[in-house]
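Every number in this text was worked out from the coordinates using simple rules, so none of it is lab data. Fair warning: this is a prediction, and the values are worked out from it, not measured in the lab. FYI the Cβ positions are ideal-geometry reconstructions off the backbone, even for glycines, and counts take in every protein chain you see.
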Amino acid sequence: MAKIAAAILTAASALTAADKDGSITNTSTADLLAFYNAHVERFGTAPANVQVAEFKDRQTTLIRAVKLAEAILAAADAPPAAKPKADPVTAEERSANIAATWADPAVRAARAARHPVIVAGVPYASVAKAFTALGLPMNKHVAFRAKLAAAGEGDFEHDGKVHSFTVGAPPAEAKTSAGQQAAHLAQDAAAAAPAKKVAAKKVAAKKAA
């Protein structure tokens, strides 16, 4: 039952007290009916929790009003209803729910992504590999990785030492990429060399003619 206003409780208490000491005879039938109609929809019992124009006599009006007042006071004393507990999720259901999320291509790509990082100038293929190499607590690397991905850089303190992380391609990867580009240029030049020789021979032949 929701909180009951003090005025309603006061009126209900006064009505029941008057009934017990007999002073309720001083309360008019109209006042009893007004009290009943003011609170019956909230505190009455269905299907009789509806307002009425009048009861057949004063005695019936008095009985109904007093019973309603007692119901109001009982509702005020009743402990709050406990909220129903959700059915616990079993380990099997939890595993199935997690597995189902991998069906989303975006989720799968995000989880599979590995962001290279640089710590004190040393490149690592991922945060996990950096934590392993540096002897940092692996149970904290997931939360730190999320913060690092959002900020681009961050510090992780462990055993009094601060490790500064930066997200980015390791220098080794950059060198490899540059080496690959040089190799491709050399291959292109080698492929073009025979054609250049043929063209040079044609030009020389025309001049000789």
field: Subset tally (residues that are within 12 Å of H163 (Cα to Cα) and polar (S, T, N, Q)) for the range 128-152
entry: 0
task: Those residues that are more than 39 Å from the chain's Cα centre (by Cα) and more than 16 Å from D19 (Cβ to Cβ), I need them from the range 56-88; list them, please.
output: K56, D57
field: Residue list for the range 131-148, restricted to those being part of a helix (DSSP H, G or I) and surrounded by 15 or more Cβ atoms within 10 Å (Cβ to Cβ)
entry: F131, L134, H141, F144, R145, L148
